[in-house]
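The next block holds one structure in the form of structure tokens; read it before the comments.
The values are calculated or read from the model by the stated rules, or taken from the named source; none is laboratory data. In this text, all values refer to a predicted model and were calculated from it rather than measured experimentally. FYI the Cβ positions are ideal-geometry reconstructions off the backbone, even for glycines, and counts take in every protein chain you see. Note: accessible area is taken over every heavy atom of the protein model, side chains too, but ligands, DNA and RNA are not part of it. Shrake-Rupley method; radii C 1.70, N 1.55, O 1.52, S 1.80 Å.
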Amino acid sequence: MEKSATAGRTWTRRAAASPVEELVVWEILLVRLPAKALLRCRAVCRAWRRLTSADDFLLAHHRHQPPLPLVSFRGHIRSGREFADAAVDAFDLWRSPAKRHPVLRFNDYNRFREFEVLASCDGLLLVSLSIWGSSSFYICNPATRQWITLPSPAGNTIAGLYPHGSSGEYRVLYRKRRSRYREGEGDDVYSVLTVGSSAEPRRIGCPVLASPSIKRSMAFMNDRPPVLLHSCLHWGQQSLNQDLIVFDTVSESFRCISAPAAYNWACSDLFDMYGMLGVSNVNQSQAMVEVWVLQDYKMGVWSLKYLIKLPVVEMRTIAKRWSFNALIVSESGDMLVYCNTDLHLFHCSSDGKLLQKFQWDHVSPNVTGHWFKESLCRHSFLQNQDHGFLGQPRFFRGL
């Protein structure tokens, strides 16, 4: 009995960490550990479990995770000791060599079973799965293996996923295209669905913009993923109008902001350059990439940040087909260069050096344009979703 009591007092002392010890553990775990390793640390002791389960810690941990570009693969992909038929990986290009983190895995993929990542926000992915033309839609958290189904868009396309600031809800923006053959029927209709709600999507109507010409150009809003920044979603548009489309997620209304003078919708991409809206413009003939950033968001002042000459000679000795695009992946101008018709990816620096090459046999990589930051934050719409292993969607079963 005496020995047992002594052991109990020792455990109590160990579990009751001092504020200084908690701060040290917080900093170490917060900065250095990915989500999977952090979950393992909860088994060390009750103090660590309590610390790493607190909402403020989970939010801080998420904010410290690097945003990683998502790349999808279709083919026979090795995942550890096992193989998958398709996958979505996050590329950590800050490591040397770069490391791939598995995000989704499909072990029964074939040409009749299509999948697509439609949106990424705060560690959540919106995914569509199509089987013989019938589609299902999910919002999932790959770090926690939680998920929820969404109602079918029913003639709508998914334009974006965003957190609504004042309510704390996550909402899906739908877009329904109208016929343009008759006068007055040229406006697209937008609606908003609150994730986890049983209510029907709420129609917010057509965008109210100052210029009718800009309003019509909304029909040509490109299909690349929007950039969520300053509580707004941003898109380019497939027209000669030098404006970007903006959806304010607080007021849930549309407006436009000016694009840089060099903006060309056919070869430009929007991205978040660590708190600033950026545009990369690719010149195929000269193998040059211009990187513009919106230095003053309110005043609409753009500046040329980088002018990057790609290492064409080196890349052409590896990739025979040469039609490329580039995704800016860091504040220092590093790029992930990809050829849509080849089996290669290249990591290049802003001074035009080839840092690393990636090559696969019979597996085609597709840079999705979406970014992913791991999150263990709790969401009410994902709580108590005890579906069990047999009820899990296909994209978790190969992990």
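Worth pointing out:
- Of all residues in segment 59-86, exactly one satisfies the criterion of being under 15 Å from residue 128 (Cα atoms) and at pLDDT below 85, namely 86.
- Residue 91 meets all of the listed conditions (1) among the aromatic types (Phe, Trp, Tyr); (2) modelled with pLDDT under 80; (3) surrounded by 19 or more Cβ atoms within 10 Å (Cβ to Cβ) but one, namely (2).
- Take the conditions (1) outside any strand (DSSP E or B); (2) open to solvent by 40 Å² or more (accessible area, probe 1.4 Å); (3) of a type in the set (A, V, I, L, M, F, W, C); residue 377 misses just one of them, which is (2).
- Test: residue in segment 352-367 that is at pLDDT below 85 and either part of a helix (DSSP H, G or I) or open to solvent by less than 10 Å² (accessible area, probe 1.4 Å) (or both): yes
- Screening residue 178 on (1) open to solvent by 40 Å² or more (accessible area, probe 1.4 Å); (2) at pLDDT 90 or above shows it passes everything except condition (2).
- Checklist (1) closer than 20 Å to residue 367 by Cα; (2) in contact (Cβ under 8 Å) with a residue 40 or more places away in the chain applied to residue 151, failing item: (1)
- Residue that is farthest from residue 298 (Cα to Cα) [pool: residues in segment 236-272 that are of a type in the set (Gly, Ala, Ser) and open to solvent by less than 20 Å² (accessible area, probe 1.4 Å)]: 268
- Subset of segment 280-291 (residues that are in contact with a Ser or Thr (Cβ under 8 Å, 6 or more places away or on another chain) and loosely packed, with under 13 Cβ neighbours inside 10 Å): 284
- Some residue of segment 150-158 being open to solvent by 40 Å² or more (accessible area, probe 1.4 Å), among the aliphatic types (A, V, I, L, M) and more than 17 Å from residue 370 (Cα to Cα): yes
- Any hit, segment 182-191, residues being at pLDDT below 80, of a type in the set (Lys, Arg), assigned to a loop (DSSP other than H, G, I, E, B) and out of contact with any strand residue (DSSP E or B) (no Cβ under 9 Å at 6 or more places or on another chain): yes
- Scanning segment 292-331 for residues that are among the basic types (Lys, Arg), loosely packed, with under 15 Cβ neighbours inside 10 Å and free of Cβ contacts under 8 Å to residues at least 40 places away in the same chain gives 298, 316, 320, 321.
- Among residues of segment 380-399, those that are open to solvent by 30 Å² or more (accessible area, probe 1.4 Å) and modelled with pLDDT of 70 or more, counted: 1
- Complete set of residues in segment 132-172 that are farther than 25 Å from residue 229 by Cβ, touching a helix residue (DSSP H, G or I) at 6+ places or on another chain (Cβ under 9 Å) and among the hydrophobic types (A, V, I, L, M, F, W, C): 147, 148
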